[in-house]
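Comments concern the structure below.
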């Protein structure tokens with residue numbers, strides 16, 4: 001193969017890899033915003049929480065894997081706590097209350113992080129097992145950790161799809177998002193279902209932060225960077241659709257990657273142009289409920 | 001133009017008053033007992049909080065070493081947290097200028113916020129000292145008699161690195177940064193220095209601020225195979241870039257260089273990925289200067305932290321205040337005398353002595369540094385007494 005073809009294929013790999021990572025980061029929002037219908041501006045903060053948990057635990061235990069084992073249940077418990085103390089009072093209220101609460105949470109999280117861990121930039125070392133690179137061309141190698149990350153993202157996507165579409169819990173969740181009272185009167189503890197789903201959403205966002213920590217760095221405000229693009233992913237895909245979010249993430253991966261290479265001057269806009277185009281074509285997103293109803 | 005004339009008229013009027021001897025006496029007497037109001041507009045929260053804190057504490061240290069007074073007068077500090085938020089820049093600056101009526105405004109770190117401050121003091125005529133932000137316009141197209149800077153312009157470290165790269169015999173470079181003013185100014189400076197040795201920029205790669213998905217651009221760099229890559233990133237973005245660049249194995253075949261911000265305050269986080277990197281800045285670890293050692297010890301004693309380039313800039317802002325207000329004996333109302341004193345001041349900085357250019361930007365040495373462990377170790381002087389070209393400044 002000639003050089004340009006090889007580099008084109010590497011860019012495709014970049015796009016797919018970025019798209020998968022994006023799906024992982026946005027998956028928690030798909031649950032909380034997409035399916036439960038809560039406008040959750042604090043999604044980026046949950047992502048940041050995960051990254052900082054990974055940093056603190058990896059620092060204390062010396063092992064990234066051990067850090068994951070500790071941090072994942074912690075995030076789940078934290079999600080349960082948040083839902084019980086705050087979010088469950090807001091399901092019946094106007095969206096504006098949710099915006100206010102979650103915006104407030106962003107501020108609380110930022111300040112809390114400043115008090116507990118400080119404002120420095122931190123790094124989490126890539127686990128030794130995956131700390132290698134696979135040579136692609138004479139000058140360029142691909143980090144093994146990134147490839148492993150893609151595999152994990154695929155697994156999460158599959159599990160999430162199965163959970164929502166193929167299990168009884170998934171059925172209750174989907175039914176609950178359409179009509180809470182009806183599900184309740186059928187004898188399903190919808191409060192409990194929502195508590196668990198919310199906690200899974202928080203855990204997914206935090207998990208994404210943990211996995212991203214070794215490739216990026218851990219720093220104040222890191223959550224704000226992912227927040228907008230997560231909303232774009234969910235909206236492009238169609239609110240409430242796991243399939244849609246997956247496709248949306250892959251589309252954004254492609255547009256962002258090739259935009260950065262072939263149209264660097266407007267690459268910042270391309271994702272939003274994509275969103276506008278999709279919404280004009282299908283106002284409810286690619287797999288939105290309204291479109292299929 | 002109108003506002004500049006108003007400033008000059010105002011200054012002429014106060015100079016006239018000062019000359020009128022007896023008539024002025026009561027006014028001076030009042031002035032001597034009143035405190036000098038310093039307005040500190042710095043980031044105390046957000047990404048740049050650590051930078052703002054170092055500037056603040058080092059500035060106060062410089063003044064404390066002079067007995068806590070400026071020209072014999074006590075000081076009243078008015079502090080505003082600018083949060084590095086450009087849209088709120090003008091409002092925050094006005095809080096200090098019109099609200100607290102400060103005599104001298106000091107700030108800030110973020111170039112976008114500093115641009116708003118420059119605009120505010122252009123209108124009000126308030127004295128402004130910039131302790132970090134490198135936007136070229138502040139001492140270039142928007143320069144003014146009342147605007148000073150104790151740090152650097154984005155052009156300076158970039159030009160110095162361009163010279164170094166040219167000296168290595170490299171001819172083809174790729175520059176990469178976020179698509180915003182500071183990045184473009186930095187890349188421009190590098191291109192200029194690089195051109196002195198016949199080097200050319202083969203491609204400019206930009207990504208939207210503050211995105212950090214570098215993989216497509218790294219692939220592009222690998223395809224172009226330039227002699228050198230010049231990168232302008234800072235903070236968390238710099239850490240990610242260094243890690244990705246190293247993980248793509250590009251360090252082995254294509255040297256990476258940048259201005260000091262690439263490796264300042266990011267070494268702990270970047271770890272292995274930063275080792276051996278060469279950057280240029282007006283400060284370095286291991287400068288063999290007695291003044292630097294003295295400052296580092298004093299800063300550590302006062303704050304329990306190690307000093308860095310931001311602390312040095314804050315300290316020198318304090319030293320500039322001391323020099324100027326001692327010269328006018330605390331009479332902060334004698335604006336043009338104060339400006340003249342600052343223009344003539346030689347600051348005995350931890351970075352080495354420097355003076356200010358006609359555009360009010362430091363004329364200073366730029367050092368080539370190399371990352372060794374957790375330090376940006378001094379290697380050599382890249383360019384001696386480098387002055388910013390101050391393009392578009394009418395005072396030059």
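The values are calculated or read from the model by the stated rules, or taken from the named source; none is laboratory data. Everything quoted here is computed from the prediction, not taken from an experiment. When we count neighbours, we look across all protein chains shown, and the Cβ atoms used for this are built from the backbone with ideal geometry, even at glycine.
Taking region B:255-355 and the helices (runs of 4 or more DSSP H) fully enclosed by it, the elements with 1 or more residues that are more than 14 Å from chain A (Cβ to nearest Cβ) and surrounded by fewer than 19 Cβ atoms within 10 Å (Cβ to Cβ) are at B:290-303, B:309-327, B:335-344. Applying the set (1) within 21 Å of the chain's Cα centre (by Cα); (2) closer than 24 Å to residue B:341 by Cβ to residue B:101 leaves exactly one unmet item: (1).
Per the conditions (1) surrounded by 20 or more Cβ atoms within 10 Å (Cβ to Cβ); (2) within 14 Å of chain A (Cβ to nearest Cβ), the sole criterion not satisfied by residue B:211 is (1).
Within region B:207-229, the only residue that satisfies the criterion of being within 25 Å of the chain's Cα centre (by Cα) and at pLDDT 90 or above is B:229. Within region B:166-203, the only residue that satisfies the criterion of being assigned to a strand (DSSP E or B), within 11 Å of another protein chain (Cβ to nearest Cβ) and surrounded by fewer than 19 Cβ atoms within 10 Å (Cβ to Cβ) is B:203. Remark: residue A:132 falls outside the filter, which requires a residue to be more than 30 Å from residue B:49 (Cβ to Cβ) and surrounded by 16 or more Cβ atoms within 10 Å (Cβ to Cβ). Within region B:215-241, which residues are more than 9 Å from every other protein chain (Cβ to nearest Cβ) and outside any strand (DSSP E or B)? Residues satisfying the conditions are B:224, B:226, B:227, B:233, B:234, B:241.
What about residue A:161, is it over 15 Å from the mean Cα position of the chain (by Cα) and either surrounded by fewer than 22 Cβ atoms within 10 Å (Cβ to Cβ) or modelled with pLDDT of 90 or more (or both)? No.
Each residue in region B:117-132 was checked for being within 17 Å of residue B:342 (Cβ to Cβ) and either in a loop (DSSP other than H, G, I, E, B) or in the same structural domain as residue B:260 (by TED's automatic domain parsing) (or both), and 3 pass.
Sub-6 Å Cβ pairs linking a first residue in region A:263-275 that is at the interface with chain B (Cβ under 8 Å from one of its Cβ atoms) to a second residue that is modelled with pLDDT of 85 or more, at least 6 apart or interchain, are A:264/B:206; A:267/A:259; A:267/A:260, ordered by first then second residue.
Being farther than 30 Å from residue B:266 by Cβ, more than 14 Å from the chain's Cα centre (by Cα) and at pLDDT 90 or above: is that true of residue A:236 here? Step through it out loud before you land on a result.
Values: farther than 30 Å from residue B:266 by Cβ: yes; more than 14 Å from the chain's Cα centre (by Cα): yes; at pLDDT 90 or above: yes.
In short, yes.
If a residue must be at pLDDT 95 or above and surrounded by fewer than 17 Cβ atoms within 10 Å (Cβ to Cβ), how many such residues does region B:380-395 contain? Total meeting the criteria: 4. So, in region A:90-111, of the ones that are in a helix (DSSP H, G or I) and modelled with pLDDT under 90, which residue ends up farthest from residue A:224 (Cα to Cα)? In this case the residue turns out to be A:95.
Look at (1) under 25 Å from residue B:63 (Cβ atoms); (2) without any contact (Cβ under 8 Å) to a residue 60 or more places away in the chain; (3) under 17 Å from the mean Cα position of the chain (by Cα) and you find that residue B:135 fails only one, number (1).
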